[in-house]
Amino acid sequence: AAMERTFALMERAAQTPVTVSITGETGTGKELVAQAVHLNSARRQQPFVAVNMAAIPAELLESELFGHEKGAFTGAIGRKIGKFEQAHGGTLFLDEIGELSLPLQAKLLRVLQERELQRVGGTERVKLDVRLITATHQNLAEQVQRQTFREDLYYRVVGLPIELPPLRERGHDILLLAQHFLLEFCREYHRPVP
């Protein structure tokens with residue numbers, strides 16, 4: 001029943017261009033939900049670009065998201081297109097958005113409001129057409145209260161919230177997942193299915 005409610009929200013999200021925020025514990029399948037929303041949306045023929053904010057060092061994240069121009073910093077030997085531009089026309093999935101620093105949150109907010117960006121070290125404004133899906137295992141509302149997440153950005157990214165229930169609340173899904181992984185293991189290692 002918990003997943004049926006989630007599927008209903010996913011279907012609603014796929015039918016609109018609204019920003020989607022996915023919350024749930026680590027390992028509940030937030031990126032799979034984001035991919036499913038994208039693949040069932042009007043943007044399905046366009047790129048789906050996923051970025052795990054927690055996996056990129058803070059000092060490189062701005063360049064990864066927005067790109068940079070040649071000479072913008074030491075080692076910038078040419079223009080680099082960022083994840084926002086890579087996702088143009090499609091969907092950008094920002095996983096672990098709660099990990100963003102406050103200065104980068106301000107830059108992200110500006111990009112979302114203006115629907116354009118400026119590459120690091122550049123002067124040209126690049127127009128964007130990107131559907132945003134965010135995910136986190138953290139409680140962003142609590143982060144807003146603690147002032148570690150901008151309130152204006154929070155309201156910009158929350159959009160249609162989808163909460164993924166933990167596996168312990170998904171009853172029969174445990175058996176379905178166990179069967180899936182067992183079959184996958186047997187196929188990969190050429191073992192008979194018990």
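About its Cα centre, what dipole magnitude does the chain give when the only charges are +1 on Lys and Arg Cβ and -1 on Asp and Glu Cβ, stated in debye to the nearest 20?
For this selection, approximately 460 debye.
Would you look at the GNM of the chain, springs on alpha carbons closer than 10 Å, and say which of His38, His172, His88 moves the most?
Looking only at His38, His172, His88, the biggest GNM fluctuation is shown by His172.
Give me the net charge of Met3's neighbourhood, meaning all other residues with Cβ under 12 Å from the Cβ of Met3; Lys, Arg count +1, Asp, Glu -1.
Spelling it out: positives minus negatives among the neighbours equals -2.
Contact order normalised by length for segment 1-48, with contacts defined as Cα pairs under 8 Å and 6 or more residues apart; what percent is it?
39
Tell me, what % of the accessible area of the chain is carbon and sulfur with a 1.4 angstrom probe?
53
Per DSSP H run of at least 4 residues, take -39500 (n - 2.57); add these up for the chain, divide by its residues and hand me the 222 nm value, nearest 500 deg cm²/dmol.
-12000 deg cm²/dmol
Once the other residues with Cβ under 11 Å from the Cβ of Pro166 are scored (Lys, Arg +1; Asp, Glu -1), what is the net sum?
Once all neighbours under 11 Å are counted, the net charge is -2.
Of the DSSP beta bridges with both residues in segment 2-163, give the percent that are antiparallel, rounding to the nearest 5.
15
Working from Cα positions, state the angle (0 to 90°, nearest 10) between the long axis of helix 173-188 and the longest principal axis of the chain.
Tilt of helix 173-188: around 90 degrees.
Within segment 26-49, what residues put their amide N at less than 13 Å from the label point 7 Å along the Cα-to-Cβ vector of Asp173?
Correct set: 26-34.
Relative contact order of the chain: what whole-number percent is it, with Cα pairs under 8 angstrom and at least 6 residues apart?
For the chain, the relative contact order is 30 percent.
Could you compute how much accessible surface Glu4 exposes when probed at 1.4 Å, giving the result in Å² to the nearest 10?
Taking all protein chains as shown, Glu4 has close to 130 Å².
Rounding to the nearest 10 and keeping the result within 0 to 90°, find how far the Cα-based axis of helix 30-39 lies from the longest principal axis of the chain.
Between helix and principal axis, roughly 80 degrees.
Taking H as built 1.01 Å from N, whose amide H comes closer than 5 Å to the amide H of Ser21, not counting residues under 5 places away?
Answer set, sorted by chain and number: Thr134, Leu160, Ile162.
Less than 10 Å Cβ to Cβ from His38, Lys/Arg counted +1 and Asp/Glu -1: what total charge do the surrounding residues give?
+3
The values are calculated or read from the model by the stated rules, or taken from the named source; none is laboratory data. Remember, it's a predicted structure, so these values are computed and weren't measured experimentally. Cβ atoms come from the backbone with ideal geometry, glycine included; neighbour counts cover every protein chain shown. For accessibility, only protein heavy atoms count, side chains too; no ligands or nucleic acids. Shrake-Rupley method; radii C 1.70, N 1.55, O 1.52, S 1.80 Å.
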